[in-house]
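Note sheet for the following structure.
What follows draws every value from the coordinates through simple rules; no lab data is involved. Quick caveat, the model's predicted, so the values are computed rather than measured. As a convention, Cβ positions derive from the backbone with ideal geometry for all residues, glycine included, and neighbour counts pool all protein chains shown.
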Amino acid sequence: MTSKQRVRSTLAGRRPDRPAFSFWYHFPTEQVAGPAAVQAHLDQLSAYGMDFVKVMNDNPYPHERPIRSVADLGGLAELRGDEGGFGRQIELITRLRERVGGEVLLCTTIFNAWAVLRNLIEPPKEHLPPVMGEVADGPSQWIRDALTRDEQAVARAVNVIAASLANFAWRCTTAGADGIYLSVRQDWVEPTEAEAGLYGRLVRPADLRILDGARAAELNILHVCGTARELREFNDYPVAALNWADRMAGPSIREVAGWMKPTMCAGVDNLRTLCDGSEQDVRDEVEDALLQAGDRPMIVAPGCTFDPKRVPAENLRALAEAAKGWRW
């Protein structure tokens, strides 16, 4: 099978010749956009032969003024989806599609409206793997506090960002992406039981609006970052696959295999095994993930990004070889 055939078979619930797999990490600043970004993705694909490419997106949301006060939220306006950092990401997708041709699927990263608002409040200095259980997240606390002062202003800001991201998602798919990889994080929004329900009221509608921008695409993946309060709350999102940290956050693949509607995309610990385990440890996790899945075909992948400075190339090769060598 070609990579595209393998992924399509998996998404359709049919066992391909062997498991599809992929993995991803944030490239250095000099490889975020332009020819260097194109080459970084191509080099990774060439080295490991993943079955689809997650196009990394560390281009900033095009709103130049940081959010310092609730009043600043009023300065957010709906965007066309091709301005500034949006345009640089679209250019990256266009060039990658030209280079990889039609036999490898591409899905491009989009962070949801809450995550974007966080970054406007406190722009990230560096994109690193997630900190699990990050309940003391400062920008998210700022948003929750702002909700108590002016819920309407915050809701409007989230909706405006979501509308802009939906426009961006549509432009990405017309530029050559086969879908979007929508990254969401429930524990930023609901760190304690007291906040339960906030995600469903405020953020879920914004997520669905973004996904609607890519509704015609075949490889839309939902990434539930961090630790979900309840993974089932994302089970009916209109996506082809769901990626989550089954090893670090749970639930396990075995626990969800009987009820998860989207294709499962998980299996390898991005924060421990890939970094500190042996090649055999990585192979064992791939095999264990596939055994947990039972009769269901799944995409083998880490639960999130990893730190390339800490992960030996040998462990990435072990992941690829384990998937390529598996036969049902």
query = Computed from these coordinates, which is Cα Rg over 2.2 N^0.38 Å: [x] 1.16; [y] 1.63; [z] 0.95?
reply = [z]
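Specify the longest stretch of the chain that does not include any exposed loop site, a site being one of the trypsin sites (Lys or Arg not before Pro) with a non-H, G, I, E, B DSSP assignment and at most 15 other Cβ atoms within 10 Å.
Numbers: sites that count: ARG14, ARG68, ARG80, LYS125, ARG215, ARG272, LYS309, ARG310, ARG327.
Of all site-free stretches, the longest is 126-214.
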key: Charge dipole magnitude, Cβ of K and R +1, D and E -1 - the chain, Cα centre, debye nearest 20   = 820
request  = Just flag the chymotrypsin sites (Phe, Trp or Tyr not before Pro) in the range 224-322 sitting in loop per DSSP whose Cβ has no more than 11 other Cβ atoms within 10 Å.
outcome  = TRP259
Inter-part distance where the range 176-221 and the range 47-119 are each reduced to a Cα centre, Å = 15
query = Counting other C-beta atoms within 10 Å, which of TYR181, TYR237 has the fewest, and how do the rest follow?
reply = TYR237, TYR181
request  = Please give every one of the aspartates and glutamates within straight-line cross-link reach of LYS324, meaning a C-alpha to C-alpha distance under 16 Å, and leave out same-chain neighbours fewer than 8 residues apart.
outcome  = ASP17, ASP51, GLU279, ASP284, GLU285, GLU287, ASP288, GLU314
remark   = In degrees rounded to 10, the 0-90 angle between helix 204-213 Cα long axis and the longest Cα principal axis of the chain is 70
request  = Could you state the angle between the C-alpha long axis of helix 313-325 and the longest principal axis of the C-alpha atoms of the chain, as a value from 0 to 90 degrees rounded to the nearest 10?
outcome  = 60
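List the GluC sites (Glu not before Pro) within the range 230-306 that DSSP assigns to loop and that have no more than 13 neighbouring Cβ atoms inside 10 Å.
Numbers: sites: GLU230, GLU233, GLU255, GLU279, GLU285, GLU287; in loops: GLU230.
Within the range 230-306, the qualifying GluC sites (Glu not before Pro) (loop, at most 13 other Cβ atoms within 10 Å) are GLU230.
In the range 1-110, which GluC sites (Glu not before Pro) are in a loop and have at most 10 other Cβ atoms within 10 Å, using DSSP for the loop call?
Values: sites: GLU30, GLU64, GLU78, GLU83, GLU91, GLU98, GLU103; in loops: GLU64, GLU78, GLU83, GLU103.
Here the GluC sites (Glu not before Pro) that fit, given the DSSP loop and packing criteria, are GLU64, GLU103.
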Residue-averaged 222 nm ellipticity for the chain, from DSSP H runs of 4+ at -39500 (n - 2.57), nearest 500 = -13000 deg cm²/dmol
Integer Hz, Karplus 6.51/-1.76/1.60 couplings in order for the range 182-193, x for Gly and Pro = 8, 9, 10, 8, 6, 6, 6, 7, 10, x, 9, 4
